[in-house]
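Below is one structure, written out as structure tokens; comments come after it.
The values are calculated or read from the model by the stated rules, or taken from the named source; none is laboratory data. Since the structure is predicted, the reported quantities are computational estimates derived from the model, not experimental observations. Ideal geometry is used to build each Cβ from the backbone, glycine not excepted, and the neighbour counts take in all protein chains shown.
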Amino acid sequence: MSDVLAVADHRRGDLRDVSYEIVTAGRELADETGGDLHLAVISGTVDDFADKLNRDGVDAIHTVDHGEEFNHDIYAQAVTQLYDELAPQYVLTPNSVNGLDYAPAVANELDLPVVTDTVDLEADGETLVATREMYGGKVETTTQLEGDAVVTIRGAEWPAAEGTGDAAIEAFDADIDEDTVGSTVTGFEEVGGGDVDISEAELLVSVGRGIEEEENLEMIRELADALDATLSSSRPIVDNGWLPKNRQVGQSGKVVTPDVYIAIGISGAVQHVAGMKGSDTIVAINTDPNAPIMDIADYAIVDDLFDVVPELIEEFQ
Amino acid sequence: MKILVTVKEVATVEDEFEIEGTEIAEQYLGADLNEWDDYAIEEAVQLQEDGIADEVVAVTIGPEDCEQTIRQALAKGADRAVRVWDDALEDVDLLDVNAKTEILSAVIEAEEPDLVLSGVQAGDDSFGATGVSVAEQLGFQWGAVVNHLEHDLEDGVASVRRELEGGVEELTDIELPAVLTIQTGINEPRYASLRGIRQAQRKELDVQTLDDIGVDESTIETELELTDMYEPESESDATVWEGSADETAGELGELLRDKGVAQ
């Protein structure tokens, strides 16, 4: 068959943005294979989610009303059974933390190849060409495969689907075996609260791996003080325990939109950029002119931060 | 309790490099222990130090060249290591998730650990899928992107936190045996001590072929083919300030004043 089955992502009552993007990715793929686009909405307020996702280009929406929140065992079983029922060529899931918690299991169960974190897809007959990054974004690659596959898509790479669709919305009676469910979600916790909310700041001085040593952070603190700015960072600084989690900008940290964002020694991994690309003005200080941060910077200083930052402190002291 | 940690030697790339075909030219490549696996090893070793684990076994798929990297796991405290390699794997361009799943599952079945820790992803090919795939294959439970594990695995349950997007953590109880994929930041990986490095040389590093672990060559045939590799086109339209640090800092200062965010 030539159909595409795309799976929506939601959490705590809300569809995540990638759910609308996967409609676009799925439609494009289905156009290329000449098939229909099916959506699966699993757990939570499925009818409400289905209505919201009924946008241009969706042919059918299958709801699985089982439980409130994501559980990978439920998802894996429901998606596997939908595959058996619909026989699509491609199963598309978000490359989210939850997507990566069930897509590989579905692929293994169905004995299909899995390609993750794709940023572009092209199908021609039985052949799929998937574009994805390697080596932390230093290169892009194309990977080719024949036949059915499970594919995960990166968020914010496809535009959100718009318009109103006329998809048939049907409840899918998945046969969920509760005995195989071996994990239980006991709660959620917001992290990164505390003394400061970096998402409120007008000026962020943000520091990354380029700072090299914990003691060098002092210089960045001085700069933030001199500018009366708020201090934030990329992931490695928090992973190292040099700054608390509430200072982390990015996919797993905070999304920030200051007037000016000064990225100091931050290479600009996609997970970081996801958290700061909405800043009005972005300034990058980095020795590497090819660092991905330069792609979204409005202004750049290609120089050693250890030379530039002291000059800047001096100017504002 | 026995813990198995999957480790991988990953290729690292210099800032400036050239591509030859679908590979980065060899002179620009280095090798290192995968960053995520370093955290997985640390977590296992801490579980051992807390008296919860009796044995920590590191498992890798790779040629003899990677032994030095795998010995890092031993130097940090793993008790022994298993390295799977085979002539049949030499010619495989891209060892895909299914192939890694076959190999690792065979080793895990023989070792019978209670808990398997793997990194969320590898820093080179970044599939982020092998841990969960292995769990499914073995009939183990699993949790992806774990950034906290309670060191109290009583009643055969692992209480973990999964790091979701947007600063939200999911608290989940997972029945053992299980595979957890470990996120960076879960702990602070130690540096191997000199004593540890010396001891690592004497620790057991068992080399096994596909035949040894009972995996048929045909099952590791990859379905994915790498067809192109290129540097992403720079989309930068940034204004680059030129000059000495004094001058560029001056330009930035002026911008900040213009924008009214600093005086």
Discussion item. Would you confirm whether or not the range A:279-288 contains a residue that is assigned by TED's automatic domain parsing to the domain that holds A:ALA229, more than 20 Å from A:ARG209 (Cβ to Cβ) and surrounded by fewer than 24 Cβ atoms within 10 Å (Cβ to Cβ)?
Written reply: yes
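Table: residues versus (1) assigned to a loop (DSSP other than H, G, I, E, B); (2) in contact with a helix residue (DSSP H, G or I) (Cβ under 6 Å, 6 or more places away or on another chain); (3) closer than 21 Å to B:LEU104 by Cβ.
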| position | (1), (2), (3) |
| --- | --- |
| B:VAL215 | yes, yes, yes |
| B:PRO232 | yes, no, no |
| B:GLY253 | no, yes, no |
| B:LEU256 | no, no, no |
Worksheet item: Just a yes or no: is a residue in the range A:49-62 under 26 Å from A:ALA156 (Cβ atoms) and within 14 Å of chain B (Cβ to nearest Cβ)?
Response: no
Practice prompt. Considering every residue within the range B:67-90, establish whether at least one is buried (at least 21 other Cβ atoms within 10 Å of the Cβ) and free of Cβ contacts under 8 Å to residues at least 60 places away in the same chain.
Written response: no
Discussion item. Please verify whether B:THR184 is closer than 22 Å to B:THR130 by Cα, assigned to a loop (DSSP other than H, G, I, E, B), facing chain A (nearest Cβ under 10 Å) and in contact (Cβ under 8 Å) with a residue 24 or more places away in the chain, treating the condition exactly as stated.
Written reply: yes
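Quick check on the range B:165-178: of everything there that is in a strand (DSSP E or B), of a type outside the set (Asp, Glu) and in contact with a Leu (Cβ under 8 Å, 6 or more places away or on another chain), which residue is farthest from B:SER133 (Cα to Cα)?
B:ILE174
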Worksheet item: For the range B:83-125, which residues satisfy the criterion of being of a type in the set (Gly, Ala, Ser) and more than 18 Å from B:GLU9 (Cα to Cα)?
Response: B:ALA88, B:SER105, B:ALA106, B:ALA110
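Matching residues to (1) part of a strand (DSSP E or B); (2) touching a residue at least 24 places away in the same chain (Cβ under 8 Å); (3) at the interface with another protein chain (Cβ under 10 Å from one of its Cβ atoms); (4) under 21 Å from B:GLU14 (Cβ atoms):
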site	(1), (2), (3), (4)
A:PRO236	no, yes, yes, yes
A:GLN251	no, yes, yes, no
A:ALA263	yes, yes, no, no
A:SER267	no, yes, yes, yes
A:ILE282	yes, no, yes, no
A:ASP295	no, yes, yes, yes
Fill in: From the options A:ASP51, A:ASP47, A:ASP120, residue that is out of contact with any strand residue (DSSP E or B) (no Cβ under 7 Å at 6 or more places or on another chain) and not hydroxyl-bearing (Ser, Thr, Tyr)
A:ASP51
Discussion item. Looking at the range A:284-292, can you tell me whether even one residue there is more than 7 Å from chain B (Cβ to nearest Cβ) and either over 24 Å from B:PRO232 (Cβ atoms) or part of a helix (DSSP H, G or I) (or both)?
Written reply: no
